[in-house]
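Following: one structure in structure tokens, then a few remarks.
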Amino acid sequence: TALRLLIRWETLDSEALYALETAALGAVAVIGAQQGIHSGAPPLACVALAVTVCAGGVLRDLLCHRPVAIGAQSYAFATAAGASVYVGLRQLAVHGYPIPLMLRVVLGAGTTVSQRAYVWWFASDHGLGDHALAPMALDARESHSGVKLERKPR
């Protein structure tokens with residue numbers, strides 16, 4: 001079953017999967033914060049509402065039998081950063097600064113995407129697999145059966 005584990009790790013370590021997940025996370029960070037705003041929640045609660053999307057990632061990992069690494073995939077940090085930028089820019093717009101909605105959306109989602117891109121390229125290229133924000137596939141390389149898998153060189 002070492003081949004099965006190797007294939008599973010290669011899939012988890014896929015750059016395409018990470019990029020798609022990152023784009024979706026950027027969108028959901030803004031959408032979650034916007035839902036809090038529409039509900040009339042205070043700014044900090046709007047950011048917290050956006051961060052709850054991380055629970056969806058954890059649930060997905062449980063259902064797909066993937067290693068659950070709460071916080072190790074930078075979900076919460078990236079989502080909070082993007083939602084904070086979006087909510088902060090929205091607060092400035094409410095207080096009279098003319099910041100277009102599309103710019104707020106792009107900067108909020110862009111913050112999330114930028115943070116995740118930083119983690120992927122910097123942390124993984126500099127051997128920071130045990131770094132707190134490293135992608136999950138870099139964290140756990142040992143299966144339950146004890147088979148140790150090595151990271152492929154980039």
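GLY96 meets all of the listed conditions (1) out of contact with any helix residue (DSSP H, G or I) (no Cβ under 8 Å at 6 or more places or on another chain); (2) in a loop (DSSP other than H, G, I, E, B); (3) modelled with pLDDT under 75 but one, namely (3). Among the conditions (1) assigned to a loop (DSSP other than H, G, I, E, B); (2) at pLDDT 50 or above, the only one that THR111 does not satisfy is (1). Within the stretch 17-44, the residues that satisfy the criterion of being of a type in the set (Val, Ile, Thr) and open to solvent by 40 Å² or more (accessible area, probe 1.4 Å) are VAL28, ILE31.
The values are calculated or read from the model by the stated rules, or taken from the named source; none is laboratory data. Being a predicted model, the structure only gives us computed values, none of them experimental. Cβ coordinates were reconstructed from backbone atoms using ideal geometry, including for glycine residues, and neighbour counts include every protein chain displayed. The accessibility values were calculated without ligands, DNA or RNA, using every heavy atom of the protein model including side chains. Shrake-Rupley method; radii C 1.70, N 1.55, O 1.52, S 1.80 Å.
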